[in-house]
Amino acid sequence: MDLQGTSFIGAGRGSGGAGESRAVNPVSGEEMEPAYLAEGEESVEAVCSLAAAAFVDFRERSGVDKAGFLRAIADEVDALEEEIVSRMTRETGLPEGRCRMEKGRTCGQLRLFASLLEEGSWVDARIDHADPDRAPVAKPDCRSMWRPMGPVVVFCASNFPLAYSVAGGDTASALASGCPVIVKAHGSHPGTAEIVATAVRIAVEKCGMHEGVFSMLYGSGRTIGQSLVRHSVVRAVGFTGSRNGGRALMDAAAARPEPIPVWAEMSAINPVFVLPGALRERGDAIADGFVGSLTLGVGQFCTNPGLLITGGEGRSQFAERIASLAGEAAPAAMLHKGIAEAYQDALKAMMTKEGVETLAQVPVEDGSSQGGAVVLGADAAGFLSDQSMAEEMFGPATLMVSADDEAAMLEVAESLEGQLTATVHATEEDLEMFGKLIAVLERKAGRLVYNGFPTGVEVCHGMVHGGPSPATSDGRSTSVGPRAITRFTRLVCWQDFPDSLLPPELQEDNPLKISRIVDGKRT
Ligand code: NAP
């Protein structure tokens, strides 16, 4: 495919006017063609008005229609797999296998949302029949369900160029709910974004959707990204990235005359607790699994385990094994220079703190885009006395904290901010002694992992990839799995409406044959 380097403004292409940039191969440092033209305010206006027009039609499309659209996007992405993989490996330094796997996950997500729409019960339809004879006042007929909010802005993630970017989880869940999507492309993988946006465009045309149902802009987050979030047409935002970026968008959305939700997935250190019995029984196996999880994808996963808490007999050998395995891990290119620099800065800040010792450090050349594994150590008292020790080091680095008894472990757990995950390695005996730990962690994290590792995030109905702030902006939902769909919806109730004016999901004879709650009973 000949890449054009321009934005997708409905069915048309942008002409830039606000500067240009090129993707940089993080392995070779080479700049890649073509130049990508950044858009300005006029294009923000254009995509927002197209999205508003598209919403009028798209929100009324049946679940089956929207499912067909999501399946068509997945098919077109599949058809462009070779072009995607070839560009993505060069733009991100990610190995081919990872790119293909992420492509599979992206298409799988789109198809999972399609099957949710085909089944139809996700709208959570509830019907309470009228009772005109009720005393002292008659009861009205009330029927409610989830409805789409309106155009959604999706910020692409640097660490998931497919699965959390142009046609990724946020886009899939927003489209599934009936919301048009405007994507703000990430500057580190613009070519991958252009290929995937082309796939979405083809699907829009094939399915006869309004052109404004999908647009994608290249440009700066601080200019057009902020303008999109502030635009009156936009009803919600999906974001994956840094805490500063997410916070800036939350503030912009809250300052609007009509504030809107920002579903931001930001930083987490995903604590792993290894309890004494588990350490004694299978310390070596836990160490091996932990280092695999730590170094996977050069540590650039939001679920990377950045904090390891252990105590009891065998702790020193366990720490030595982790340090030795991590020290042998080959360094590799990080996704872009900015991430590599941020990683080095975070390491320097952590390594110079009082009470932090370096147990292993894989050396990398100064100024290179590579990230090497690092294992640091501290004791519980030191950790508890300096909150900044709990800050994210985005990359393959972890802080091992020794906590010798249940009280110290509980204090460490209690001190933590909101997390995406919390992991416990335990035996049944451990759980009798450390029972309170699980209850504390349930308040801290969106997903609790037992005798496993946090990095793999299964895309399935039961998954929660969320967690209390600051892991996310709002811990009531998930950005992975079908439950993500309600982030872009709101509840609407129809009171005393004639059947013919109700959405099919709420009509008396249940034409879509979906599961509903009628007069308080699930049918
Ligand atoms: P980022 O700096 O937060 O950028 C993500 C997106 O948000 C980009 O499109 C960026 O646009 C936009 N943006 C950033 N600040 C903004 C602001 N103030 N106003 C409006 N838009 C803004 O994240 P990144 O480039 O992907 O990576 C940088 C760092 O974020 C990493 O080193 C890491 O620490 C963290 N990160 C964490 C996770 C996680 O899952 N925990 C994932 C990815 C990154 P522009 O680039 O055009 O400014």
**Request:** Select, from 130, 138, 176, 172, the only residue that is without any contact (Cβ under 8 Å) to a residue 60 or more places away in the chain and either of a type in the set (Val, Ile, Thr) or within 28 Å of residue 522 (Cβ to Cβ) (or both).
**Result:** 138
**Request:** Sort out for me the strands (runs of 3 or more DSSP E) sitting completely within the stretch 81-162 that have 1 or more residues that are in contact with an Asp or Glu (Cβ under 9 Å, 6 or more places away or on another chain) and away from the ligand (no atom under 16 Å from the Cβ).
**Result:** 126-128, 142-148
**Request:** Identify, from the list 57, 2, the residue that is under 30 Å from residue 149 (Cα atoms), over 25 Å from the mean Cα position of the chain (by Cα) and of a type in the set (D, E, K, R).
**Result:** 57
**Message:** Among the residues in the stretch 177-184, are any crowded, with 24+ Cβ neighbours inside 10 Å, under 15 Å from the mean Cα position of the chain (by Cα) and either more than 15 Å from the ligand (Cβ to nearest atom) or in a helix (DSSP H, G or I) (or both)?
**Reply:** no
**Asked** In the set 56, 27, 77, 44, which member is assigned by TED's automatic domain parsing to the domain that holds residue 197, among the aliphatic types (A, V, I, L, M) and assigned to a loop (DSSP other than H, G, I, E, B)?
**Response** 27
**Request:** Only strands (runs of 3 or more DSSP E) wholly contained in the stretch 253-323 count here; list those with 1 or more residues that are within 16 Å of the ligand (Cβ to nearest atom).
**Result:** 262-265, 307-310
**Item:** Answer residue from the stretch 324-366, given it is of a type outside the set (A, V, I, L, M, F, W, C) and either touching a Ser or Thr at 6+ places or on another chain (Cβ under 6 Å) or within 16 Å of the ligand (Cβ to nearest atom) (or both) and is farthest from residue 160 (Cα to Cα) among those
**Value:** 348
**Asked** Mind checking whether some residue in the stretch 352-370 is surrounded by fewer than 18 Cβ atoms within 10 Å (Cβ to Cβ) and in a helix (DSSP H, G or I)?
**Response** no
**Request:** Please enumerate the residues belonging to the stretch 404-438 that are part of a loop (DSSP other than H, G, I, E, B) and either within 16 Å of the ligand (Cβ to nearest atom) or under 16 Å from residue 306 (Cα atoms) (or both).
**Result:** 416, 417, 418
**Asked** Since residue 206 meets every condition but one in (1) away from the ligand (no atom under 16 Å from the Cβ); (2) buried (at least 24 other Cβ atoms within 10 Å of the Cβ), which condition does it not meet?
**Response** (2)
**Asked** Within the stretch 105-146, how many residues turn out to be among the small types (Gly, Ala, Ser) and within 18 Å of residue 499 (Cα to Cα)?
**Response** 3
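Table: residues versus (1) over 30 Å from residue 476 (Cβ atoms); (2) of a type in the set (Phe, Trp, Tyr); (3) surrounded by fewer than 19 Cβ atoms within 10 Å (Cβ to Cβ); (4) in contact with an Asp or Glu (Cβ under 9 Å, 6 or more places away or on another chain).
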position	(1), (2), (3), (4)
327	yes, no, yes, no
339	no, no, no, no
390	no, no, no, yes
396	yes, no, no, no
411	no, no, yes, no
419	no, no, no, no
**Request:** State which residue pairs qualify: first residue free of Cβ contacts under 8 Å to residues at least 24 places away in the same chain and inside the stretch 350-376, second residue surrounded by fewer than 15 Cβ atoms within 10 Å (Cβ to Cβ) in any location, beta carbons under 9 Å apart, and separation of 6 or more residues or different chains.
**Result:** 367/341
**Asked** Can you pull out the residues in the stretch 449-492 that are free of Cβ contacts under 8 Å to residues at least 40 places away in the same chain and touching a Pro at 6+ places or on another chain (Cβ under 8 Å)?
**Response** 461
**Message:** Looking at the stretch 436-450, can you tell me whether even one residue there is acidic (Asp, Glu), within 14 Å of the chain's Cα centre (by Cα) and surrounded by fewer than 17 Cβ atoms within 10 Å (Cβ to Cβ)?
**Reply:** no
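The values are calculated or read from the model by the stated rules, or taken from the named source; none is laboratory data. Because the structure is a prediction, the values reported are computed rather than measured. Note that we place each Cβ from the backbone using ideal geometry, even for glycine, and neighbour counts take in every protein chain shown.
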